[in-house]
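*Asks:* Supplied in structure tokens, the structure appears directly below.
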Amino acid sequence: MKTGVQIRQSFLDYFARNHHTVVRSSPLVPAQDPTLLFTNAGMVQFKSVFLGEERRDYVRAATAQKCVRAGGKHNDLENVGRTARHHTFFEMLGNFSFGDYFKRDAIAFCWELLTREYGLPKDRLKATVFTDDDDAFALWKEVAGLANDRILRLGEKDNFWAMGDTGPCGPCAEVHFHQGDHVPCAEEQAGRRCLGPACECDRWLEIWNLVFMQFNRDASGKLNPLPRPSIDTGMGLERIAAVLQGKMSDYDTDLFAPLVAHVSTLSGKAYHAREEDDVSMQVIADHARAATFLIADGVTPSNEWRGYVLRRIMRRAMRHGRMLGLREPFLWDVTGSVVKLLGDAYPEIREQHPRVVEAVRQEEERFAETLDMGMEKIRDYIAAHKGPGPKTVDGKFLFTLYDTHGFPTDLAQEVFQDAGWTVPAESLTAYEAEMEAQRARARAGGSFQAAGEDGAAAVYQRLSAELPRPTFLGYADLAAPARILAMVDGGRRRPEAGTGETVEIILDRTPAYAESGGQIGDTGTVVGRDGQGEILDTYHRGSQLIVHRVQVTQGRLRENEEVAVTVNPRRRQGLRLHHTGTHLLHAALRQVLGTHVAQAGSLVAPDHLRFDFSHPAGIKDPELERIESLVNEQVQANIVVTPAEMDLQAALQSGAMALFGEKYGDRVRVIRIGDFSTELCGGTHLGSTGEIGLFKVVGESAVAAGVRRIEAVTGEDALRHVGREEAALRESAGLLKIPPLELPRRLQKLLDEQKQLEKQLAQLEARNARSRAEDLIASAKQVAGVAVLAARLDGLDPDGLRSVVDLLRERLGPGIICVGSAVDGKVNLIAAVSKDLAARFPAGKLVQEVAKLVGGGGGGRPDLAQAGGKDPEKLDAALALVPGWVERTARG
């Protein structure tokens, strides 16, 4: 029996023997494709090749691609763990031809691998083809020897693939494996016959999809033949492993079994003993894989787009852990088994595992209280609404659960559905506005946007195919002769441009650097025989073309004209300073904070740099000082910066860091700064670190959960910053008439004195408020037979309000109290209910009702609750709501 590791490797080895270049998996965050949530298929990293925007050194490729499908049209998260083959993370095995071989060889490779290499019985395989694809039908007969009755023709829904509404598309063929007639079939149970591979049952399991990309669909829907038809295939590793290992479920294969066993050991529950427990173990096994790979590729839990989907996956796993009796954080521990299982195939998860553990544990600890509180509220709701009526959930309760307790509504829906309740569409209207932004992020996983949907994209797609790749000269030269190959304006190609017009120009060679890797594009000048222009920006179109946005300042510039191109040297030097400074900063961060630090984004500008990186907590001042000192030590050492070109694999094996979100070719540029830093980087750099002069950190902040940002300046910009700081220090010291170095001690003394005065003032206000207690008691009203006191006591913080409420409770006896105060533009509210009334009039619900009007929220126990708000002007009106709320609540 082949193991999952052997199946993956034998696939890659087979295609390597058949002259395919084995390409490493691209990251789960698609490089240069903001329209796609996650990499969800093997062809994603080759999208620009299929679209004709990029040419590579090979025309055949094979990959084992890590993929995630959760969100967008693949948003069936609730099915993961409940079926045999739904997963969030999976591996896609694929072979690709870029205008080389086509249907015959694709079918031959597929059939030989399945039947000879993997040894699958031929009589248990069938193929499906697109209804009009006579070529594929004939080739399955000729190449694979399949009889007519073992080849099914199916329609566009099943056997036709398209990259988008327009663009490359084509028929596909699928190979299906017969799992056995013992597998239940709904058609047969209904008295009809099983439809074979066309049936919805699991008797025939699709194992490989071959896409024959042979057409380009235009806006009218017409299919035009592509000049160079291509092949894109995909076979799920988990699925073929189940077939080859004789398992009916992916979770029983050796790709999942160790993870399920780990969860079984942690929970003390046996696998395959109880269906509900099996589902929970499978959910955790799957979600631990997804969390490990997503975090290793730079995604962090958050409430935004990719981070939100990751958070949903992790929190669903945590909920199933509770169902197994796991009260302490556990998911972080399961990620260790993921690394043991898959770390050899994907070394990045082993390298990033400390960061994975930190991020997962932190999310578990943060969500634990919310999860327990939410589950308790749901149990109470179900208990309170038992009866003969329909089991439907009130949307207002779902909103309160999210708004007050932070319990995710999608998770609440799944909990209710597991308990046999329904959440109808009308129940969602109560919190639709609050949830819309998050739902949009979760389902915004978009699909490919086809080239040709706008004029510019169509023009550049054609130009990428027609024009040679421009030569970049900017590592050595800041000026060079060049020829204008093409000129584009508003999606239209044009032969020339005159004074005042702005156009996009493509040159055959250029010293101007196109924005990439965080470094912004160069500016400069273009001078021709009859005119000249200013380069406003330089950037890539697709992965091949370098585009200069040029404003013509004099005369005219023309296509095919010889021109002189010059880069702004002062601006370029600023970019070089800050780019080399960024590499030094990255290395210093990893030395001081730990190797879990990974780049999560950057900006290299002429006058500053910004660096985002993974780190679970704020950076302490001593750490920041050490980081800055470490960088400046390298600056003072004047280390030579050495660039070198090499193969990607050799570069990675040499220890060079590959950065999150970057797309690398087979040949890469490596920037080495002594023994301190080695990174893959195509940017422009200094000759030695001493040119930086001075490196100065100017800011440190949080960007998102688990992501920090450092801003810094170098060279003259650093000196100017230090000068401004010293001027501000002297000015501040002058105001206090003290030497600058005494400023911290004097400020601390002033702050201590102010804090003491504020404390004395708060005590005085509290005494004044307590002295008013008798007057407040006298103002209490009888509402529905209950003593009700609502009053405003400005100037009191929550502690001061609470002390007054304690006194009022003693004096009032049985009754309801709600007091509020306005302090520094904010509202504080406290509600208290005597214990004999707390069940009928919960303080938490009262304070929520009042807080809504002042733009806030809160909660607490039935007898005591607290809230805050942002609108003091509405405090009186909010407190006036109290008697009416008591009367309505009394009526039930």
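*Asks:* Is there a residue in region 589-598 that is within 30 Å of the chain's Cα centre (by Cα) and closer than 16 Å to ILE671 by Cα?
*Replies:* Start the filter on region 589-598 by keeping residues that are within 30 Å of the chain's Cα centre (by Cα), which leaves 589-598.
Pick out the ones that are also closer than 16 Å to ILE671 by Cα and you get none.
No, region 589-598 contains no residue that is within 30 Å of the chain's Cα centre (by Cα) and closer than 16 Å to ILE671 by Cα.
*Asks:* Give all pairs with beta carbons closer than 9 Å in which a residue from region 14-32 that is part of a helix (DSSP H, G or I) meets a residue that is open to solvent by less than 50 Å² (accessible area, probe 1.4 Å) and of a type in the set (A, V, I, L, M); count only pairs at least 6 apart in sequence or on separate chains.
*Replies:* Between residues of region 14-32 that are part of a helix (DSSP H, G or I) and residues that are open to solvent by less than 50 Å² (accessible area, probe 1.4 Å) and of a type in the set (A, V, I, L, M), the close pairs are TYR14/ALA62; TYR14/LEU113; PHE15/ALA61; PHE15/ALA62; PHE15/LEU113; ALA16/ALA62.
*Asks:* When you scan region 579-597, do you find a residue that is outside any strand (DSSP E or B), over 30 Å from HIS353 (Cα atoms) and in contact with a strand residue (DSSP E or B) (Cβ under 9 Å, 6 or more places away or on another chain), even just one?
*Replies:* Taking every residue of region 579-597 in turn, none turns out to be outside any strand (DSSP E or B), over 30 Å from HIS353 (Cα atoms) and in contact with a strand residue (DSSP E or B) (Cβ under 9 Å, 6 or more places away or on another chain).
*Asks:* Looking at region 608-639 only, could you name the residues that are part of a loop (DSSP other than H, G, I, E, B), at pLDDT 95 or above and crowded, with 16+ Cβ neighbours inside 10 Å?
*Replies:* Matches in region 608-639: HIS608, ILE639.
*Asks:* Residues in region 644-691 that are at pLDDT 85 or above, among the acidic types (Asp, Glu) and surrounded by fewer than 17 Cβ atoms within 10 Å (Cβ to Cβ): how many?
*Replies:* The qualifying residues number 3.
*Asks:* Take the residues of region 61-79 that are buried (at least 23 other Cβ atoms within 10 Å of the Cβ) and charged (D, E, K, R): which is modelled with the highest pLDDT?
*Replies:* Filtering region 61-79 for residues that are buried (at least 23 other Cβ atoms within 10 Å of the Cβ) and charged (D, E, K, R), the one modelled with the highest pLDDT comes out as LYS66.
*Asks:* Any idea which residue in region 467-493 is farthest from GLU559 (Cα to Cα), counting only those that are open to solvent by 40 Å² or more (accessible area, probe 1.4 Å) and free of Cβ contacts under 8 Å to residues at least 40 places away in the same chain?
*Replies:* Step one: list which residues in region 467-493 are open to solvent by 40 Å² or more (accessible area, probe 1.4 Å), which gives 468-469, 471-472, 475-479, 481, 483, 489-490, 492-493.
Still in the list and also free of Cβ contacts under 8 Å to residues at least 40 places away in the same chain: 471, 476-477, 489-490, 492-493.
Details: THR471: 18, ALA476: 26, ASP477: 23, ASP489: 13, GLY490: 16, ARG492: 13, ARG493: 10 Å.
Result: ALA476.
*Asks:* Another question, then. Restricting to region 358-383, and then to whatever is crowded, with 20+ Cβ neighbours inside 10 Å and among the aliphatic types (A, V, I, L, M), can you tell me which residue is farthest from the chain's Cα centre (by Cα)? Talk me through it step by step, then tell me what you get.
*Replies:* As a first pass, look at region 358-383 and keep what is crowded, with 20+ Cβ neighbours inside 10 Å: 359-360, 363-364, 367, 371, 374, 378.
After this cut, where a residue has to be among the aliphatic types (A, V, I, L, M) as well, the list is 359-360, 371, 378.
Details: ALA359: 14, VAL360: 15, LEU371: 23, ILE378: 30 Å.
Checking each candidate, the answer is ILE378.
*Asks:* If we scan region 256-277, do we find a residue that is in a loop (DSSP other than H, G, I, E, B), within 25 Å of GLN352 (Cα to Cα), in contact with a helix residue (DSSP H, G or I) (Cβ under 8 Å, 6 or more places away or on another chain) and not β-branched (Val, Ile, Thr)?
*Replies:* Within region 256-277 (the criterion being in a loop (DSSP other than H, G, I, E, B), within 25 Å of GLN352 (Cα to Cα), in contact with a helix residue (DSSP H, G or I) (Cβ under 8 Å, 6 or more places away or on another chain) and not β-branched (Val, Ile, Thr)), the answer is yes, since at least one residue qualifies.
*Asks:* Looking only at region 110-142, count how many residues are surrounded by fewer than 19 Cβ atoms within 10 Å (Cβ to Cβ) and not in a loop (DSSP other than H, G, I, E, B). Walk me through it before giving the result.
*Replies:* Step one: list which residues in region 110-142 are surrounded by fewer than 19 Cβ atoms within 10 Å (Cβ to Cβ), which gives 112, 115-119, 121-124, 131-132, 134-135, 138, 141-142.
Now narrow it down to the ones that are not in a loop (DSSP other than H, G, I, E, B): 112, 115-117, 122-124, 134-135, 138, 141-142.
The number of residues fulfilling the criteria is 12.
*Asks:* Would you mention how many residues in region 860-892 are surrounded by fewer than 16 Cβ atoms within 10 Å (Cβ to Cβ) and either closer than 24 Å to GLY813 by Cα or among the β-branched types (Val, Ile, Thr) (or both)?
*Replies:* Matching residues across region 860-892 total 8.
*Asks:* Quickly run through region 310-331 and pick out the residues that are open to solvent by 40 Å² or more (accessible area, probe 1.4 Å) and part of a loop (DSSP other than H, G, I, E, B).
*Replies:* Of everything in region 310-331, those that are open to solvent by 40 Å² or more (accessible area, probe 1.4 Å) and part of a loop (DSSP other than H, G, I, E, B) turn out to be GLY325, ARG327, GLU328, PRO329.
*Asks:* Kindly list, by first and then second residue, each pair from a residue in region 291-307 that is part of a loop (DSSP other than H, G, I, E, B) to a residue that is of a type in the set (Val, Ile, Thr), limited to pairs with Cβ atoms under 8 Å and residues at least 6 apart or on different chains.
*Replies:* Qualifying pairs under 8 Å: ASP297/VAL29; GLY298/VAL29; VAL299/VAL29; THR300/VAL707.
*Asks:* For VAL788, only one of the following conditions fails: (1) open to solvent by 10 Å² or more (accessible area, probe 1.4 Å); (2) in contact (Cβ under 8 Å) with a residue 40 or more places away in the chain; (3) among the hydrophobic types (A, V, I, L, M, F, W, C); (4) in contact with a Lys or Arg (Cβ under 8 Å, 6 or more places away or on another chain). What is its number?
*Replies:* Among (1) open to solvent by 10 Å² or more (accessible area, probe 1.4 Å); (2) in contact (Cβ under 8 Å) with a residue 40 or more places away in the chain; (3) among the hydrophobic types (A, V, I, L, M, F, W, C); (4) in contact with a Lys or Arg (Cβ under 8 Å, 6 or more places away or on another chain), the lone unmet condition for VAL788 is (1).
*Asks:* Can you pull out the residues in region 103-126 that are of a type in the set (A, V, I, L, M), touching a residue at least 60 places away in the same chain (Cβ under 8 Å) and farther than 17 Å from PRO229 by Cβ? Walk me through how you get there before you give the answer.
*Replies:* Going through region 103-126, the residues of a type in the set (A, V, I, L, M) turn out to be 106-108, 113-114, 120, 125.
Those still in the list that are touching a residue at least 60 places away in the same chain (Cβ under 8 Å) too: 106-107, 113-114, 120.
Correct list: LEU113, LEU114, LEU120.
*Asks:* Hey, which of the strands (runs of 3 or more DSSP E) in region 650-727, taking only ones fully inside, have at least 2 residues that are touching a strand residue (DSSP E or B) at 6+ places or on another chain (Cβ under 9 Å), charged (D, E, K, R) and under 30 Å from ARG24 (Cβ atoms)?
*Replies:* 667-673, 707-714
The values are calculated or read from the model by the stated rules, or taken from the named source; none is laboratory data. Keep in mind the model is a prediction, meaning the values are calculated, not measured. Here Cβ is always computed from backbone atoms with ideal geometry, including for glycine, and neighbour counts include all displayed protein chains. When the accessible area is computed, the model is the full protein with side chains, heavy atoms only, and any ligands, DNA or RNA have been set aside. Shrake-Rupley method; radii C 1.70, N 1.55, O 1.52, S 1.80 Å.
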